[in-house]
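Enquirer: Structure provided below as structure tokens; questions to follow.
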């Protein structure tokens, strides 16, 4: 199988870009899930989608829009009413979901090539993200596992909190490099490290 | 020691010195100094020239209300004008210059304007230069001639023309309670709110938090108020639920308790850390706003009240207490209230000589008299200052008897030698933000001031903002505003028992200019002149005189101006009313609003093969947000030579183009086919799985929205493609229809534009090339007929291939996962090499589609119907569709509508999109347009310049001659109108 080429390849340079006092506030990295799949439920059929997520991925998503769950290798969250974004390090999950989600429950859309996932982690992650998005990133407002849909200028973004100070930002692949560069620029104030 | 720096006192760091320059002269100050305090400490009293009359001006205030002392900061080649010296913290290497003067601040030729007298009064330019036509001097032209000189002679600082190299950022924040202002009331509110567990942001516009606690002589909780404030700030800063923002001006109050603020992050630093912005713009969504913004002391309006050395009493007190600066050696005080007595005493205790306290009131309170006695000053009640003397600095005042009830002056003037006159005309609560939030100000007779209303939605006030001037009450209000309920937790205070309620005296009339609005040089006589000329509404007064319209937004002039207007009208102040304050409360740097968008105003959108294009010599240009190859030029080729070669090679052999930018929407669900039947003019429910169809989409008004092919991938799964330009618009249109018009349809829409990389491979050898590299499927005519879809692999990567053509040649679109896009593209390039395959850009793509007569966004311009584009064959009569109700609307079927035609250049000169087409050529008076060019190129297959156009009744004009009329580009010449199908109209090549 041919490996996916990341849109960040020419600009993602690992290293430590610290502040003058050698500290770094955030770590930036690209997460490259093998599968990114969007699941959409027809009105009243959300339970069927949640059951499919449980069946295919073994993840329990507690509710609808906003709620979610994340492990080291897989995640799922509701980004809009009846709509969920799931990702896994393994490839081919769209096929598995196509079997699990019948036409009466909803639809399955493979976005494994269409979205780029950028992870921002560290004590200043909330601070840096707040430069881009009008979203309350504090943990009471956006608990671990939760996700939201938002936008930065023309860049649509879906963001999931995957740890106490860790967020995965899903952006359209074509915008990924531009967003990455903006993110690095915004992170200079707090110092950053690229993994 | 600086001439005006006290030997002790103040909150500055005397252990360190800072060097800075003002107008090229080097000065020193200390950390904690503002430019104003440092210059005053150095004995500099002349800081600027006034707006219109170029009168010498000093410092009037000590904070954000300063109207006079505006300077320009020089940062390398960048310059930032109109910065208040009172808000500018000094740092090593700071360079500032004065402004609105020539050749120098001390010797300003513009000062000749002072001789203009009444000629330069309010609205002088309207009256003087808008006159009737007299000989060659037409009024308006004369004004335009004079305007240049007037604008040079009047104004504030000049903005630089070099790019601002500073870095700005934006920040979003959310909190339960935002406290604006960190005086005692604000600190108490923040403390109470924070201790109850709420998320608190405390914003203070000054560098040092504490507000009046920093310069008052009162105590809180048994310690000096300043110490209490510093300890409280430290306590707040340690709390995890509190964010303290010093140097942050809250400048806008918007709907939904959305607050705009500007933080001056590194304006005070000589060398910001790497990545630190100069300023940060905050957008704060707030549960409750506590407005603890205090009050501004008002000047009194009297002749010569603008002379350097005349300043607000509280400002002088602050310079002494906070900066250890004595604003004069011999100081007089002019007041209409008790508050100035406290200022006088503070200055006396700091080491100043208080010569006299002049009170317009005949009787003063016992505490005021007792305080005055302690200052050692002569007490002159029932008196007023009626003139000041001095050039660039004050040296004498004239005092006469004054009747506060009638405003009458009597007796001979008495001269008193002073170098500083402090004035206090009462206090105006800073209600600007509440006003922005919609609060209607209420006049308070006792305080002679506008106060905020008691009931408010979203905010609560505390302290001076409410007109509450006692420390005890301010703390209590702050505590309550922060949600505190147990009054036993309030700290004890001790304060001076002085009532700041003033006498209703705003102006002392006399000979000479008495300034109301210092920054715009509006005098009391200007206000009366406006009244005499019929401007009775306060809104009209403001606009005619420009009172309150300068950068300080009338902070010191608003109430005095209203009072003088009311007096002229014979009305009470509340009858006259007040104007509503608008954002911004304080000036906001444009750069801070742009923030990270500076230089990156639009994100770049890149196709999966972008890097290959760059590495292989493509010249790119932007198409919306996308960056697309224009040409893949060879060394020495012009653009035209390159696209002609690319198009010719494609028609003769094969070419490959990146079409990843086409909009792609997954339309899925059991009702997807039905939905497509409704949104397209033609039928899609009959489309078999594995086939594609060209579709046309109309708006509700019957005009063409977009076109493209839609592929049926499975029974309930369609892939819709749109034009690159209209992808977003089509998605919005479809989502609207699903959400609002047909919510019962089981259809989902997902943008999958970025999921797929698309390569269009066209030309007579394209099938051979695919056959050479595609595995897993055949690509012959039987397996892959026109509009057929097959699945296979190219060099190990899964691909989906649809046979369709935009160029008119045998052509295919090869879709792969975007992450495989470059891999597949390179495999196609390699496979095509033996067949003469070339990559081509948008110019060649455009050339071939013009030759073929296909339409794009240039023709689908929001004004054309399907018939106009000769696409009426796509309008189904078997079903309704969006826009079908408009198909027989008279205006949309009129015979003289613009219709798509082809254009041949008959003088062999290139054509241009946008050029008009006329029947008769008249270069001197272009007229009679019958249409316009939409696209043009050199056609390699026709060997001439051609184009497409929209022309009135175009189809009936085929074969007719006309002319290009393009006066902007000076292109005139003969053309022939022909069919838009220049090349292979039967479509034999693409069906071959």
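Enquirer: If only one of B:950, B:892, B:898 is in contact (Cβ under 8 Å) with a residue 60 or more places away in the chain and within 26 Å of residue B:984 (Cβ to Cβ), which one is it? Don't jump to the end; show me each part of the working.
Expert: Values: B:892 fails: within 26 Å of residue B:984 (Cβ to Cβ); B:898 fails: in contact (Cβ under 8 Å) with a residue 60 or more places away in the chain.
After applying the criteria, what remains is B:950.
Enquirer: Got at least one residue in the range B:910-929 being outside any helix (DSSP H, G or I), at pLDDT 95 or above and in contact with a helix residue (DSSP H, G or I) (Cβ under 6 Å, 6 or more places away or on another chain)?
Expert: No, the range B:910-929 contains no residue that is outside any helix (DSSP H, G or I), at pLDDT 95 or above and in contact with a helix residue (DSSP H, G or I) (Cβ under 6 Å, 6 or more places away or on another chain).
Enquirer: Among B:310, B:289, which is touching a helix residue (DSSP H, G or I) at 6+ places or on another chain (Cβ under 7 Å), crowded, with 24+ Cβ neighbours inside 10 Å and either touching a residue at least 60 places away in the same chain (Cβ under 8 Å) or within 29 Å of residue A:130 (Cβ to Cβ) (or both)? Break it down into steps so the answer makes sense when it comes.
Expert: Details: B:310 fails: touching a helix residue (DSSP H, G or I) at 6+ places or on another chain (Cβ under 7 Å).
Checking each option against the conditions leaves just B:289.
Enquirer: Can residue B:870 be described as within 16 Å of residue B:979 (Cβ to Cβ), assigned to a loop (DSSP other than H, G, I, E, B) and touching a strand residue (DSSP E or B) at 6+ places or on another chain (Cβ under 7 Å)?
Expert: Details: within 16 Å of residue B:979 (Cβ to Cβ): yes; assigned to a loop (DSSP other than H, G, I, E, B): yes; touching a strand residue (DSSP E or B) at 6+ places or on another chain (Cβ under 7 Å): yes.
Answer is yes for this residue.
Enquirer: Could you check how many residues of the range B:744-787 are within 51 Å of the chain's Cα centre (by Cα) and in contact (Cβ under 8 Å) with a residue 12 or more places away in the chain?
Expert: The first filter runs over the range B:744-787 and keeps only residues within 51 Å of the chain's Cα centre (by Cα), leaving B:744-763, B:787.
Next cut, in contact (Cβ under 8 Å) with a residue 12 or more places away in the chain only: B:745-763, B:787.
Looking only at that region, the number is 20.
Enquirer: OK, next. Hand me the list of strands (runs of 3 or more DSSP E) wholly inside the range B:146-263 holding 2 or more residues that are within 14 Å of another protein chain (Cβ to nearest Cβ), touching a strand residue (DSSP E or B) at 6+ places or on another chain (Cβ under 9 Å) and closer than 30 Å to residue B:319 by Cα. Even if it seems obvious, please write down each step before you answer.
Expert: Values: elements: B:168-180, B:200-203, B:242-245, B:248-254.
Passing ranges, in order: B:242-245.
Residue-wise test of (1) touching a residue at least 60 places away in the same chain (Cβ under 8 Å); (2) touching a strand residue (DSSP E or B) at 6+ places or on another chain (Cβ under 6 Å); (3) surrounded by fewer than 17 Cβ atoms within 10 Å (Cβ to Cβ).
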| residue | (1), (2), (3) |
| --- | --- |
| B:829 | yes, no, no |
| B:837 | yes, yes, no |
| B:842 | yes, yes, no |
| B:848 | yes, no, no |
| B:853 | yes, no, no |
| B:856 | yes, no, no |
| B:862 | yes, no, yes |
| B:865 | yes, no, no |
| B:887 | yes, no, no |
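Enquirer: Which ones in the range B:264-274 are within 13 Å of chain A (Cβ to nearest Cβ) and crowded, with 19+ Cβ neighbours inside 10 Å?
Expert: In the first step, residues of the range B:264-274 are kept if they are within 13 Å of chain A (Cβ to nearest Cβ); the result is B:265-266, B:269, B:271-274.
B:265, B:266 - these are the residues of the range B:264-274 that are within 13 Å of chain A (Cβ to nearest Cβ) and crowded, with 19+ Cβ neighbours inside 10 Å.
Enquirer: Here's something else I'd like to know. Working only within the range B:363-376, note down all residues that are over 51 Å from the mean Cα position of the chain (by Cα) and in a loop (DSSP other than H, G, I, E, B).
Expert: Applying the first criterion (over 51 Å from the mean Cα position of the chain (by Cα)) to the range B:363-376 yields B:363, B:366, B:369-370, B:373-374, B:376.
Result: B:363, B:376.
Enquirer: Within the range B:749-768, track down each residue that is surrounded by fewer than 22 Cβ atoms within 10 Å (Cβ to Cβ) and touching a helix residue (DSSP H, G or I) at 6+ places or on another chain (Cβ under 9 Å).
Expert: B:751, B:764, B:768
Enquirer: Pull up the range B:727-760, narrow it to residues that are assigned to a loop (DSSP other than H, G, I, E, B) and closer than 28 Å to residue B:793 by Cβ, then point me to the one that is farthest from the other protein chains (Cβ to nearest Cβ). Break it down into steps so the answer makes sense when it comes.
Expert: We begin by selecting, within the range B:727-760, every residue assigned to a loop (DSSP other than H, G, I, E, B); these are B:742-747, B:752-755.
Still in the list and also closer than 28 Å to residue B:793 by Cβ: B:752-755.
Numbers: B:752: 6, B:753: 7, B:754: 4, B:755: 3 Å.
So, considering only residues that are assigned to a loop (DSSP other than H, G, I, E, B) and closer than 28 Å to residue B:793 by Cβ, the one farthest from the other protein chains (Cβ to nearest Cβ) is B:753.
Enquirer: Return yes or no: is residue B:12 more than 18 Å from residue B:305 (Cα to Cα) and outside any loop (DSSP other than H, G, I, E, B)?
Expert: On the way: more than 18 Å from residue B:305 (Cα to Cα): yes; outside any loop (DSSP other than H, G, I, E, B): no.
It is false that residue B:12 is more than 18 Å from residue B:305 (Cα to Cα) and outside any loop (DSSP other than H, G, I, E, B).
Enquirer: Ok, one more. Of the numbered conditions (1) within 14 Å of chain A (Cβ to nearest Cβ); (2) outside any strand (DSSP E or B); (3) buried (at least 24 other Cβ atoms within 10 Å of the Cβ), residue B:676 fails exactly one; give the number of that condition.
Expert: The single condition residue B:676 does not satisfy is (1).
Enquirer: All but one of (1) touching a helix residue (DSSP H, G or I) at 6+ places or on another chain (Cβ under 7 Å); (2) surrounded by 24 or more Cβ atoms within 10 Å (Cβ to Cβ); (3) over 22 Å from residue B:408 (Cα atoms) hold for residue B:333, so report the exception by its number.
Expert: The one condition residue B:333 does not meet is (3).
Enquirer: Return the only residue of B:927, B:958, B:916, B:981 being touching a strand residue (DSSP E or B) at 6+ places or on another chain (Cβ under 8 Å) and without any contact (Cβ under 8 Å) to a residue 24 or more places away in the chain. Working first, answer last.
Expert: Details: B:958 fails: without any contact (Cβ under 8 Å) to a residue 24 or more places away in the chain; B:916 fails: without any contact (Cβ under 8 Å) to a residue 24 or more places away in the chain; B:981 fails: without any contact (Cβ under 8 Å) to a residue 24 or more places away in the chain.
Just one listed residue meets the conditions, B:927.
Enquirer: Checking residue B:501 against (1) touching a residue at least 24 places away in the same chain (Cβ under 8 Å); (2) crowded, with 22+ Cβ neighbours inside 10 Å; (3) farther than 30 Å from residue B:99 by Cβ, only one condition comes out false. Which one?
Expert: Looking at each condition in turn, residue B:501 falls short on (2).
Enquirer: Restrict the check to the range B:501-513 and report whether at least one residue is part of a loop (DSSP other than H, G, I, E, B) and within 36 Å of the chain's Cα centre (by Cα). Break it down stepwise before answering.
Expert: Restricting attention to the range B:501-513, the residues satisfying the condition of being part of a loop (DSSP other than H, G, I, E, B) are B:501-506, B:508-513.
When the remaining residues are screened for being within 36 Å of the chain's Cα centre (by Cα), the result is none.
Within the range B:501-513, not a single residue is part of a loop (DSSP other than H, G, I, E, B) and within 36 Å of the chain's Cα centre (by Cα).
Enquirer: Okay, next question. Given the structure, is residue B:621 away from chain A (no Cβ under 14 Å), surrounded by 20 or more Cβ atoms within 10 Å (Cβ to Cβ) and under 42 Å from the mean Cα position of the chain (by Cα)?
Expert: Taking the combined requirement at face value, the residue does not satisfy it.
Yes or no, residue by residue, for (1) in a helix (DSSP H, G or I); (2) away from chain A (no Cβ under 14 Å); (3) modelled with pLDDT of 95 or more:
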residue: B:581; (1), (2), (3): no, yes, no
residue: B:586; (1), (2), (3): no, yes, yes
residue: B:591; (1), (2), (3): yes, yes, no
residue: B:596; (1), (2), (3): yes, no, no
residue: B:602; (1), (2), (3): no, no, no
residue: B:614; (1), (2), (3): yes, no, yes
residue: B:627; (1), (2), (3): no, no, yes
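Enquirer: Restricting attention to the range B:813-827, and to residues there that are over 22 Å from residue B:788 (Cα atoms) and facing chain A (nearest Cβ under 9 Å), which single residue is surrounded by the fewest Cβ atoms within 10 Å (Cβ to Cβ)?
Expert: Of everything passing the filter in the range B:813-827, B:822 is surrounded by the fewest Cβ atoms within 10 Å (Cβ to Cβ).
Enquirer: Any residue that is in a helix (DSSP H, G or I) and touching a residue at least 40 places away in the same chain (Cβ under 8 Å) - is there at least one of those in the range B:74-96? Spell out how you get there, then give the answer.
Expert: Looking only at the range B:74-96, we keep the residues that are in a helix (DSSP H, G or I), and these are none.
Within the range B:74-96 (the criterion being in a helix (DSSP H, G or I) and touching a residue at least 40 places away in the same chain (Cβ under 8 Å)), the answer is no, since none of the residues qualifies.
Enquirer: In the range A:1-26, what residues are assigned to a strand (DSSP E or B) and either buried (at least 19 other Cβ atoms within 10 Å of the Cβ) or within 11 Å of another protein chain (Cβ to nearest Cβ) (or both)? It would help to see each step written out before you state the result.
Expert: First, pick out the residues of the range A:1-26 that are assigned to a strand (DSSP E or B): A:15-17, A:26.
Listed by number, the residues that qualify are A:17, A:26.
The values are calculated or read from the model by the stated rules, or taken from the named source; none is laboratory data. None of the values given here were measured: they were computed from a predicted structure. Cβ: placed from backbone, ideal geometry, glycine included. Neighbour counts: every protein chain shown.
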